[in-house]
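Right, one structure below, let's go through it.
The values are calculated or read from the model by the stated rules, or taken from the named source; none is laboratory data. Model, not experiment: these values are computed from the prediction. No Cβ is skipped: glycine too gets one built from the backbone with ideal geometry, and neighbour counts run over all protein chains shown. Accessible surface is based on the protein model in full, side chains and every heavy atom, while ligands, DNA and RNA are left aside. Shrake-Rupley method; radii C 1.70, N 1.55, O 1.52, S 1.80 Å.
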2 protein chains.
Amino acid sequence: MSAVEIARAAKSAFNKSQIISASERINALSEIKNQLESMKDAVLAANADDLRAALRIPVKAAREEVDAGRMSESLLKRLDLGRGDKWDSMLQGISDVADLPDPNGKVTYASELDDGLELYRVSCPIGVLLVIFEARPEVVVNIAALAIKSGNAAILKGGKESNGTTKLLARAIAAGLSKTSLPETYIQTIQTRAEVSSLLKLDEYIDLVIPRGSNSLVRDIQNNTKIPVMGHADGLCHVYLDETADLQKAIRVVVDSKTDYPSACNSTETLIVHESLVTTVWPEVAKALINSKVKLLCDPTTLSSISALPDVDSYAQLARGSDYDTEHLDLVLSVISVPSLQTAMQFINTHSSHHTDSIVSESELSISAFCRGIDSAGTFVNASTRFADGFRYGFGTEVGISTGKIHARGPVGLEGLVVYKYMLRSKADGGHIVGNFGAGKKQYKHAPINAKQVPF
Amino acid sequence: MSAVEIARAAKSAFNKSQIISASERINALSEIKNQLESMKDAVLAANADDLRAALRIPVKAAREEVDAGRMSESLLKRLDLGRGDKWDSMLQGISDVADLPDPNGKVTYASELDDGLELYRVSCPIGVLLVIFEARPEVVVNIAALAIKSGNAAILKGGKESNGTTKLLARAIAAGLSKTSLPETYIQTIQTRAEVSSLLKLDEYIDLVIPRGSNSLVRDIQNNTKIPVMGHADGLCHVYLDETADLQKAIRVVVDSKTDYPSACNSTETLIVHESLVTTVWPEVAKALINSKVKLLCDPTTLSSISALPDVDSYAQLARGSDYDTEHLDLVLSVISVPSLQTAMQFINTHSSHHTDSIVSESELSISAFCRGIDSAGTFVNASTRFADGFRYGFGTEVGISTGKIHARGPVGLEGLVVYKYMLRSKADGGHIVGNFGAGKKQYKHAPINAKQVPF
């Protein structure tokens, strides 16, 4: 199918799906799970082919290459669907999503505008989603499940290295859908960047683009479409050690934020130290970081105050200006000292990617100002930035972590994939017309209605 | 100031404002109102100059031109701030906005992730808004009030015909702000399209663009920025007369939807008639429309069935295909017959601008399917499409009516100008780290917290 045909089919599938019940969606998830179970061997065989093709060498040898540091361990990890419990987790994820509360049909505002004229604001799906992500085959199934549960049609594009696996997963999803009243084209997959480029022009059919990946991927897409983009880009997270920081909290939060999983977007890249701590708390934190093999890129003040630490020459050096705008994604931490909370906040608002930033503090005043003054999706207190995650927040699962500032921000679960519509119903004889209201005529009543669901 | 300086000043003002209390915002609105009152004569003089300049002829003569049908009555109406009670309404609007509930600081999700680890999702401002609108001077004040109340910095650009008035209004707003702790650059105005073009490139500083106006304005902006756009574009609204439509409701809803204010975006442009009504209800509706001087552009079926009506030759003619994609904004209505509700819904989902569509029906099944199956911001039952309006919905006021499908949809009040952030606070000794959770370690608790406000 051409891109236009794919987009049209998606929109048509979405429109048809709108009057299909929520229970049929849950049924579809169960059918898809069954299909995947019966196709397990074929999918994993295709995945092994993908692995071999991507590496152009046998898998075992590839792993040796990784060990020798000559190849991306993360690509291997992401692509390999047979690794560990990934397959089982993928299937379990479908059931988990099926069991989540339905995000649609919830009344978030209801008002009687006049006797017998009732307004309901009701959550509903967005429409057709175009989701672009890395070469992680299980994400095809995750996002398909989220889209189906939230009532959105979706067109999915994974990294090209996973194309063979994706094709088989897509076949299983379509086979599952075909056993329900949802259209088979409700979830479609595409394979090429050219298709993405064509689809980005089709704002008539596609309602939201969700790119997960690098800043450059997100910016490139934003530059080439008028469709709204919910960007899932880099995380340049900060920890700020306030004047009142507790030593143990400082050490634990900074070390965990940096070392728990350095390549994750919610890892911390820059530590900001109040200058009153430079010769007290900071050297202890630095010692713990060096023990965890973290390389420190320091400003002159924070560098000179740790000059006596063991191993400092191997682990600490003067930072360049650009280090404070760099997502290291590794055991590397930029460090800077500031004279005040206000300066720290200005620094974070300038350099942060507005993902997640944390303060270590015992001062209620500082905590309150930081949580309000930092313009990020997550403002944390005495807690690791690594907590920024849909599962940890209790959403069950997530599409990703939005660094945008409209619609959905931070970890995006099912609620981030719905919008709302206004339903207005007149029960009066002759219906309701605007011409009856105004100066010298009827006035609006605006009486709140207590309703959780639309009564019709 | 250059566009970059304006944008930077706006972002800096926004960041500073984040830790200023809500009461100071209300204070600012009151100071702005005082300044406007004291500058009334100067503002109205500037407005009279704008009117003369725009028309290049004296105002009185211009009104005669309008009467002769040679000039846009709507431009005159919009530009003239001295007309009727417009000035007083503008000032009253500031007080009304000040009195609305604060949309910020509301907790919409709260969960204890672990003993002493509390997560709060809290509504907060978006950041810097760039709002582009028509030559209606009072909108400068309306939007400034909405931005201040919702905690957003704003850069405003009105139609060029109102530039003189806008300059003075901006001076009054800045003077009002200067009497508070909010920065004077919290609300800025710009005068030229070149400034808009430059600002659209500055996604680092500007968080949301809100264009109000034609489809072509909105599309042009969407094509030239990577900043999210909340489009307020045309309304191509429909009324569908279902098989079970009540005659009186049909007549009243259709006539009001078309004639109450034909140039408004929530006026109806197309009437869809179930074929079973073509010789019964439809001719009565057509008679009422012709009595209201509405020109009817009909398909062959609906045209032939009204051939016996008086004056039909002057008011009804065969429609062209493009009439069903045209926002007439005048006493003109496209009419088409369909064999079923399903066809009507397909037709609306294809031709509607997803603004507001209404069904006239006595069937619960049809009503339920229509409200769910129509992918529009408003799905109405036995009520005029003209009810789609922030004031009528009870929002107090509105920025406009969004035809987009993410973030805010339909009439956009204060709630549409906020987003949320996640605040996470550990109260445990040593703070909270992710490394303590996982297989064989701590599990997440996810216990709901009952809170309407953040307790810190």
*So B:ASP242, is it farther than 27 Å from B:ALA22 by Cα and at pLDDT 95 or above*: yes
_Within the range A:186-213, considering residues that are away from chain B (no Cβ under 14 Å) and part of a helix (DSSP H, G or I), the one surrounded by the most Cβ atoms within 10 Å (Cβ to Cβ)_ = A:TYR186
*Kindly provide the set of residues from the range B:392-403 that are within 11 Å of the chain's Cα centre (by Cα), of a type outside the set (Val, Ile, Thr) and either over 22 Å from A:ASP207 (Cα atoms) or at the interface with chain A (Cβ under 7 Å from one of its Cβ atoms) (or both), ordered by number.*
B:GLU398
*asked:* Where the second residue is part of a helix (DSSP H, G or I) and the first is β-branched (Val, Ile, Thr) and lies in the range A:9-28, which pairs have Cβ atoms under 8 Å and are six or more apart or on separate chains?
replied: A:ILE19/B:ALA369; A:ILE19/B:ARG372; A:ILE19/B:GLY373; A:ILE26/A:ALA98; A:ILE26/A:LYS149
*Can you name the number of the only condition in (1) surrounded by 24 or more Cβ atoms within 10 Å (Cβ to Cβ); (2) without any contact (Cβ under 8 Å) to a residue 24 or more places away in the chain that B:LYS287 fails?*
(1)
*Quick one: A:TYR420 ticks every box in (1) modelled with pLDDT of 95 or more; (2) open to solvent by 10 Å² or more (accessible area, probe 1.4 Å); (3) part of a helix (DSSP H, G or I) bar one, so which box is it?*
(3)
*If you take the residues of the range B:423-456 that are among the β-branched types (Val, Ile, Thr) and assigned to a loop (DSSP other than H, G, I, E, B), which of them is surrounded by the fewest Cβ atoms within 10 Å (Cβ to Cβ)?*
B:ILE449
_Exclusive hit being under 33 Å from the mean Cα position of the chain (by Cα), over 30 Å from A:GLN18 (Cβ atoms) and assigned to a strand (DSSP E or B), set B:LEU289, B:LEU296_ = B:LEU296
*asked:* I'd like the full set of residues that are surrounded by 19 or more Cβ atoms within 10 Å (Cβ to Cβ) and either part of a loop (DSSP other than H, G, I, E, B) or of a type in the set (Ser, Thr, Tyr) (or both), limited to the range B:327-347.
replied: B:GLU327, B:HIS328, B:SER334, B:SER337
*Here are B:SER384, B:SER363, B:SER368: which of them is more than 7 Å from chain A (Cβ to nearest Cβ) and either over 30 Å from A:ALA388 (Cα atoms) or modelled with pLDDT of 95 or more (or both)?*
B:SER363
*Test B:ARG386 against the criterion of being open to solvent by less than 10 Å² (accessible area, probe 1.4 Å), under 24 Å from B:ARG212 (Cα atoms) and among the basic types (Lys, Arg), and give yes or no.*
no
*Could you please let me know if B:ILE26 is of a type outside the set (D, E, K, R), open to solvent by 40 Å² or more (accessible area, probe 1.4 Å), in the same structural domain as B:PRO137 (by TED's automatic domain parsing) and modelled with pLDDT under 95?*
no
*Just to be sure, is B:SER292 in contact with a helix residue (DSSP H, G or I) (Cβ under 7 Å, 6 or more places away or on another chain) and hydroxyl-bearing (Ser, Thr, Tyr)?*
yes
*Would you be able to say whether some residue in the range B:421-435 is touching a helix residue (DSSP H, G or I) at 6+ places or on another chain (Cβ under 9 Å) and under 30 Å from B:ASP96 (Cβ atoms)?*
yes
*Identify, please: which residue in the range A:313-326 is assigned to a helix (DSSP H, G or I) and of a type in the set (S, T, N, Q) and is, among those, least open to solvent (accessible area, probe 1.4 Å)?*
A:SER322
*asked:* Return the residues of the range A:216-246 that are open to solvent by 50 Å² or more (accessible area, probe 1.4 Å) and touching a Ser or Thr at 6+ places or on another chain (Cβ under 8 Å); say none if nothing qualifies.
replied: A:ASN224, A:GLU243, A:THR244
*May I ask you to say which residue of B:GLY410, B:GLY416 is within 7 Å of another protein chain (Cβ to nearest Cβ), within 16 Å of A:HIS407 (Cα to Cα) and small (Gly, Ala, Ser)?*
B:GLY410
*Of these, A:ASP313, A:ASP299, which one is closer than 28 Å to A:ALA369 by Cα and of a type outside the set (Phe, Trp, Tyr)?*
A:ASP299
*asked:* For the structure I just gave you, tell me whether B:GLU37 is open to solvent by 40 Å² or more (accessible area, probe 1.4 Å) and without any contact (Cβ under 8 Å) to a residue 12 or more places away in the chain.
replied: no
*What about A:SER12, is it within 25 Å of A:GLN191 (Cα to Cα) and modelled with pLDDT under 95?*
no
*Boolean, A:ALA377 is farther than 23 Å from B:SER402 by Cα, among the small types (Gly, Ala, Ser), open to solvent by less than 10 Å² (accessible area, probe 1.4 Å) and out of contact with any Lys or Arg (no Cβ under 7 Å at 6 or more places or on another chain)*: no
*Give the residue that is farthest from B:LEU200 (Cα to Cα), with candidates limited to residues of the range A:226-243 that are more than 20 Å from the chain's Cα centre (by Cα) and not charged (D, E, K, R).*
A:LEU241
_Lone qualifier among A:THR165, A:THR108, A:THR180 - being hydroxyl-bearing (Ser, Thr, Tyr) and closer than 18 Å to A:ALA45 by Cα_ = A:THR165
*Give A:LEU182, A:LEU168 a once-over and let me know the one that is open to solvent by less than 20 Å² (accessible area, probe 1.4 Å), in the same structural domain as A:VAL139 (by TED's automatic domain parsing) and touching a residue at least 24 places away in the same chain (Cβ under 8 Å).*
A:LEU182
*Limited to the range B:254-284, what total is found for residues that are part of a loop (DSSP other than H, G, I, E, B), of a type in the set (Gly, Ala, Ser) and crowded, with 22+ Cβ neighbours inside 10 Å?*
1
